[in-house]
Amino acid sequence: MIRPLKLAIIGGGPSGFYLASRLLSLFPQSYADSLRIHIFDRLWAPHGLVRYGVAPDHPEVKNCTHKFDSAVTDSRLKFFGNVDITSIGDNTSLSLSSLKKNYTHLVFATGCTEPNMHPQLPRDKGIISALDIVHWYTRHPSNPAPPPLHSANHVSIIGMGNVSLDVARMLLCPPSLLEKYDVPSHVLDALRKSQVKHVSVVGRRGPLEAAFTTKELREMINLPDVALRPLEESVSNIQPRTRQQSRTLELLRKGSRAAFGTTLRTWSLDFYRNPLGVTLPNSDSTSYSLSLEHTTVDPITRRSGPLLDSGVPVTSTLPTSLIVTAMGFHAESSSTAPYAQWYDLDQKHIKTLPGGRVSTTNLDSDEPKIYASGWAATGAKGVLASTMMDAYSVAEAILEDWTNLTPSSDPHSEPVSSSPWDAPPPEIMKSLSSPDSEITTYKDWLAIDAEEVRRASTEGKERERMDWKEAKRFLYDKGLRVSEEVRS
Ligand SMILES: Cc1cc2nc3c(=O)[nH]c(=O)nc-3n(C[C@H](O)[C@H](O)[C@H](O)COP(=O)(O)OP(=O)(O)OC[C@H]3O[C@@H](n4cnc5c(N)ncnc54)[C@H](O)[C@@H]3O)c2cc1C
């Protein structure tokens, strides 16, 4: 008798969907009906950072969702949105133990959803994380306060990765160029009223160590009507060691199309600066005063340390109206995270073995086999292509483990059939049977997706995003609440 492979994937970001699509395509045809995959996401909409992270002016990056749409046409794969999985489970969440009772295999594809904060920069009205801005311009369900762009003329972004440049580009790009993209109307309005004149991107190391890619740098350099402050000579003269570094330095030396001083908006890359602290606005000053240590990079270790002048650390202050920290992300560390027991406190993500294996349970035990994939397992590094490759390798490990406990000499065994073995957990079934269910299915999502595109099309815009309240109203108004499909 073939043991079914009933997999719960916790997290409906690209990692979860890539893994599901790979497993569906690799699964032996002769046992096709022994596979079921249920993806759960705490957000109502699928696709994780592809919807709620990727910058609006990078629409081509989001094309991976076509693959996810196509995977869901296979009836063995189902998506359940608005389902938060926690270690305990309560009125608003589903417990890990319920998943363990109902599935043979579990995958954490929960990403790295928390921003790293700078230890010297306390949170304040004008000290926010890049994720707050990203969530604002993508209309994330966390609904963060809008950044105070109407009163900020100088923005300092701490960190030099692609997310820093995404945020800088959104703040400096002429709003008229963003109108055709997937930027919510209220965000466009705020960008039109923005007073931002200069963005300083601050990094503690130099151009050879900066984490942003040439593509993102080129986009910043080519922004119309925005000028890059020319590099200091000492930075400009640095010798590159790799082809990638040569390209970066070449771009930086050439500078922006518009000459510095001829545009209303400017930006700078403030290399070799490390924030030491900040003075908050007070009766003497309406701006923040960022205290910066000047640094130098060890040529061997590439680590930064304080720059000394006659043995004294060199420092400066940068007056600024808004401080945005863009220093990477980590997996949630709370004790209610469903993977809390496998959390690596040093690495700040789930500890895994090769193939994304989390538990080392004996393959033949009845305990579910547990895996982690994507940023939850690797930490917040790499792009969609690397997330995809990682998800594929986890899918292959799952299949390998399943094959090892399936008698391969028995190709004619009857596949496990008929409900309820393939149903989602009873809590989900119960919720779906209520007309007020908050749970979304992929069919719900496809209807909302089409409606978001339709609403924007008259304005020549890519999409007008809905929040969950609007989306839910739309589903009911149109009689499209398709949870019935699962109920019946
Ligand atoms: C701001 C930003 C911009 C980016 N832009 C690009 C780009 O332009 N190009 C590119 O190639 N890459 C880009 N990346 C990288 C890319 O987004 C990641 O490689 C990829 O999203 C990682 O996928 P993931 O599925 O591991 O995590 P995520 O995309 O974060 O998905 C994780 C999902 O798990 C869900 N979840 C978490 N906890 C729970 C829980 N307890 N219960 C239920 N669900 C849960 C979350 O809601 C989320 O939907 C960007 C990243 C960021 C942060």
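The values are calculated or read from the model by the stated rules, or taken from the named source; none is laboratory data. Bear in mind the structure is a predicted one, so any value in this text is a computation, not a measurement. Positions of Cβ are backbone-derived with ideal geometry, glycine not excepted, and every protein chain shown enters the neighbour counts. Heavy atoms of the whole protein, side chains included, go into the accessibility calculation; ligands, DNA and RNA do not. Shrake-Rupley method; radii C 1.70, N 1.55, O 1.52, S 1.80 Å.
What does the extension gain come out to for Ser365 and Arg302, with contour length at 0.36 nm per residue minus their alpha carbon separation? Numbers along the way, then the final one.
Numbers: separation 63, 0.36 × 63 = 22.68 nm, distance 4.76 nm.
Fully extending the segment from Ser365 to Arg302 adds 17.9 nm.
Within the stretch 229-369, what whole-number % of the accessible surface is contributed by carbon and sulfur, with the 1.4 Å probe and all protein chains included in the calculation? It would help to have the intermediate numbers written out before the result.
Numbers: 4150 of 8320 Å².
Carbon and sulfur: 50 percent of the exposed surface of the stretch 229-369.
If you count only protein heavy atoms with a 1.4 Å probe, what accessible area per residue comes out for the chain, rounded to a whole Å²? Kindly include the intermediate steps, with their values, before the conclusion.
On the way: 22300 Å² over 488 residues.
Dividing the accessible area of the chain by its residue count gives 46 Å².
Return the percentage of antiparallel bridges among DSSP beta bridges fully within the chain, rounded to the nearest 5 %. Walk me through the numbers before you get to the answer.
Details: 26 of 67 bridges.
Within the chain, antiparallel bridges account for around 40 percent of the total.
Placing +1 on the Cβ of each Lys and Arg and -1 on the Cβ of each Asp and Glu in the chain, which of Val163, Asn282, Ile398 has its Cα farthest towards the positive end of the resulting dipole?
Value computed over the given set: Asn282.
Distance from a point 7 Å along Cα→Cβ of Arg241 to each backbone N in the stretch 192-212: keep the residues under 19 Å and list them by number.
Within reach of a label on Arg241: 204-212.
To the nearest 20 debye, what is the magnitude of the charge dipole of the chain about its Cα centre, counting +1 on the Cβ of each Lys and Arg and -1 on the Cβ of each Asp and Glu?
Working: 53 positive and 55 negative charges, 201 e Å.
The calculation lands at about 960 debye.
Can you compute the radius of gyration and Dmax for the stretch 1-125, using only the Cα atoms, both in Å?
When restricted to Cα atoms, the stretch 1-125 yields Rg and Dmax of 16.9, 61 Å.
Determine the relative contact order of the chain: mean sequence separation of Cα pairs under 8 Å and six or more apart, normalised by residue count, in whole percent.
Details: 922 pairs, mean separation 104.7, N = 488.
With pairs under 8 Å counted, the relative contact order is 21 percent.
Okay, helix-only estimate at 222 nm for the chain: each DSSP H run of n ≥ 4 adds -39500 (n - 2.57), divide by all residues, round to 500 deg cm²/dmol; what do you get?
Working: 17 runs with 151 residues, N = 488.
Here the helix-only value at 222 nm equals -8500 deg cm²/dmol.
Considering only protein heavy atoms and a 1.4 Å probe, what is the carbon-and-sulfur percentage of the accessible area of the stretch 1-88? Walk me through the intermediate numbers first.
On the way: 1510 of 2750 Å².
That share works out to 55 percent.
Where the only charges are on Cβ atoms (+1 Lys, Arg; -1 Asp, Glu), what is the dipole of the stretch 8-80 about its Cα centre, to the nearest 20 debye?
Using only the charged Cβ atoms, the result is roughly 180 debye.
Of Phe17, Ala55, Ile37, which is farthest towards the positive pole of the stretch 5-73's charge dipole, taken about the Cα centre with +1 and -1 on the beta-carbons of Lys, Arg and Asp, Glu respectively?
Of Phe17, Ala55, Ile37, it is Ile37.
Given that compact globular proteins tend to follow 2.2 N^0.38 Å, what is the ratio of the alpha-carbon Rg of the chain to that value? Walk me through the intermediate numbers first.
Working: Rg = 24.8 Å, N = 488, 2.2 N^0.38 = 23.1 Å.
Relative to the rule-of-thumb radius for its length, the chain sits at 1.07.
Given a Förster distance of 41 Å, report the FRET efficiency between Glu459 and Ser393 from their Cβ-Cβ distance, rounded to the nearest 0.05. Don't jump to the answer; show the numbers that get you there.
Numbers: r = 43 Å, r/R0 = 1.04.
So the FRET efficiency works out to roughly 0.45.
Work out how much length Arg192 to Lys351 would gain on full extension: take 0.36 nm times their residue separation and subtract the Cα-Cα distance, in nm to one decimal.
Details: separation 159, 0.36 × 159 = 57.24 nm, distance 4.47 nm.
Fully extending the segment from Arg192 to Lys351 adds 52.8 nm.
For the residue pair Glu438 and Arg123, what label-to-label distance in nm results when each label sits 7 Å from Cα along the Cα-to-beta-carbon direction?
Going from the Glu438 label point to the Arg123 one covers 2.0 nm.
For the pairs Lys180/Lys469; Lys215/Lys381; Lys6/Lys430, note any where the Cα-Cα span goes beyond 27 Å. If you can, show how the numbers build up before the last one.
Details: Lys180/Lys469 24 Å; Lys215/Lys381 17 Å; Lys6/Lys430 20 Å.
Exceeds cut-off: none, every pair is within range.
In 5 Å bins starting at zero, report the fraction of Cα pairs in the stretch 104-149 per bin as a rounded %.
Histogramming the stretch 104-149 at 5 Å steps yields 5, 17, 24, 21, 14, 8, 5, 4, 2, 1 percent.
Once you mark the trypsin sites (Lys or Arg not before Pro) that are in a DSSP loop and have at most 15 other Cβ atoms within 10 Å, what is the longest gap between them in the chain? Write out the running numbers ahead of the final one.
On the way: sites that count: Arg123, Lys125, Lys180, Lys193, Arg241, Arg257, Arg302, Arg303, Lys351, Lys381, Lys478.
Maximal segment without exposed cleavage sites: 1-122.
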